[in-house]
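J.: The structure's right below; bear with me while I get my questions together.
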Amino acid sequence: MTGLKARVVEVVRETADAHSLVLEPAEGDRDRFRYKPGQFLTVRVPAPDGWAARCYSLCSSPVTDDRLKVTVKRVAGGLGSNWICDNVTAGDVLEVLRPSGTFTPASLDADLLLLAGGSGITPVMSILKSCLAGGTGSVVLVYANRDERSVIFADELRELAAEHGERLTVVHWLESVQGLPTESGLRALARAHTQRDVFVCGPGAFMDLAAAALSGLGMKVHVERFFSLAADPFETPEAPDPAPSGGDADGADGAGEPGEIEVELDGETRTLPWPRSELLLDVLLRAGVDAPFSCREGSCAACACVVLEGEAVMDANTVLDEQDLADGLILACQARPAGDRLKITYDG
């Protein structure tokens, strides 16, 4: 089992259908819960046929908050959100994976445009608070909701705007007042901020609309999309049976001598054998390397690392774009060796 333990210290009712969980890591695990603004936790939840996993963004800031906090909004028919909102109370212990995700700014000093819809405010709030407290840039937040009662973190946003009025601008888009967000409306709001990086999170329809609105403005856009995981990523796969002898010397059919992987993580470097038929993440986890991951399906980029030397091939990739690949990123959960030696880092 690969999970960590986190105790629920407090449950905060943000709105009628959104709860925040304030979490305290188990003794000795605090270092493994270090995170960047905008990252998420993967939580193990009960399912009818055993266990499942769901991802929830951290709304807390590593700059300002001593404890981690995730916010969960109830979704009709949602396996994880309904179980959490109906059952989790202070004192409960949750099994989670270490924080991960790439929806995080490269610098807290950058000027940012943040577009959020509904519970998409959660990672955006983490970024916003971190930039205001730990950086020097200005932040513009456009936040869409059904009505005023649906605004998560309404009081906190008012307080932040009052405290950082010269650096924070909050624009509320309420369906009850302005109608549903429109492509032209979002484009008009974004046009005055085309030099900023953009972070977008919310329901799928909102993110698609925002992407269309921002198209052609020349802005670098970061989008956070979550999905239901098909398998239970908390289970570590067993090592495969040894490959039969007689394969090519270069291991093209999966046989042959194992390659070598050198990995930098949390300031430490380890070198391990890498059987040519095995996925990189599986090799790291079985060796006790605390590598970040979430979906194990090539769809979330939580396990992304940077290749420093050598080459790898990926079985699947639906999340890294051409620029990511050019920058040397690979998905550890999908990577297999394409040579005798590979050097990667998670610390870049």
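J.: Restricting to the range 1-24, name every residue that is modelled with pLDDT under 95 and under 23 Å from ARG286 (Cα atoms).
T.: Hits for the range 1-24 are MET1, THR2, GLY3, LEU4, LYS5.
J.: Which residues, taken from the range 261-279, are crowded, with 17+ Cβ neighbours inside 10 Å, at pLDDT 95 or above and among the charged types (D, E, K, R)?
T.: Passing the criteria: GLU262, GLU264.
J.: All but one of (1) in contact with a helix residue (DSSP H, G or I) (Cβ under 8 Å, 6 or more places away or on another chain); (2) at pLDDT 95 or above; (3) not in a strand (DSSP E or B) hold for ARG98, so report the exception by its number.
T.: (2)
J.: Also, I was wondering about something else. Every residue in the range 261-289 that is outside any helix (DSSP H, G or I), farther than 20 Å from ALA326 by Cα and among the hydrophobic types (A, V, I, L, M, F, W, C), please.
T.: ILE261, LEU265, LEU272, TRP274, LEU279, ALA287, VAL289
J.: When the range 290-308 is examined, which residues are found to be open to solvent by 10 Å² or more (accessible area, probe 1.4 Å) and closer than 14 Å to LEU325 by Cα?
T.: Answer for the range 290-308, where residues must be open to solvent by 10 Å² or more (accessible area, probe 1.4 Å) and closer than 14 Å to LEU325 by Cα: ALA304, VAL306, VAL307, LEU308.
J.: Only one of THR71, THR122 is in a strand (DSSP E or B), within 19 Å of the chain's Cα centre (by Cα), buried (at least 21 other Cβ atoms within 10 Å of the Cβ) and in contact (Cβ under 8 Å) with a residue 60 or more places away in the chain; which?
T.: On the way: THR122 fails: in a strand (DSSP E or B).
Only one candidate qualifies: THR71.
J.: Now a separate question. Would you please name the residue that is nearest to CYS303 (Cα to Cα), looking only at residues in the range 82-107 that are touching a strand residue (DSSP E or B) at 6+ places or on another chain (Cβ under 7 Å), of a type in the set (A, V, I, L, M) and open to solvent by 30 Å² or more (accessible area, probe 1.4 Å)?
T.: VAL93
J.: Select from the range 40-53 the residues that are under 16 Å from the mean Cα position of the chain (by Cα) and surrounded by fewer than 23 Cβ atoms within 10 Å (Cβ to Cβ) and list them in ascending order.
T.: Here is the first cut: in the range 40-53, the residues under 16 Å from the mean Cα position of the chain (by Cα) are 40-44, 53.
Across the range 40-53, the qualifying residue is only ARG44.
The values are calculated or read from the model by the stated rules, or taken from the named source; none is laboratory data. Keep in mind it's a predicted model, so treat the numbers as computed, not measured. All Cβ positions, glycine included, derive from the backbone under ideal geometry; neighbour counts span all protein chains shown. Keep in mind that these areas ignore ligands, DNA and RNA; they rest on the heavy atoms of the full protein, side chains included. Shrake-Rupley method; radii C 1.70, N 1.55, O 1.52, S 1.80 Å.
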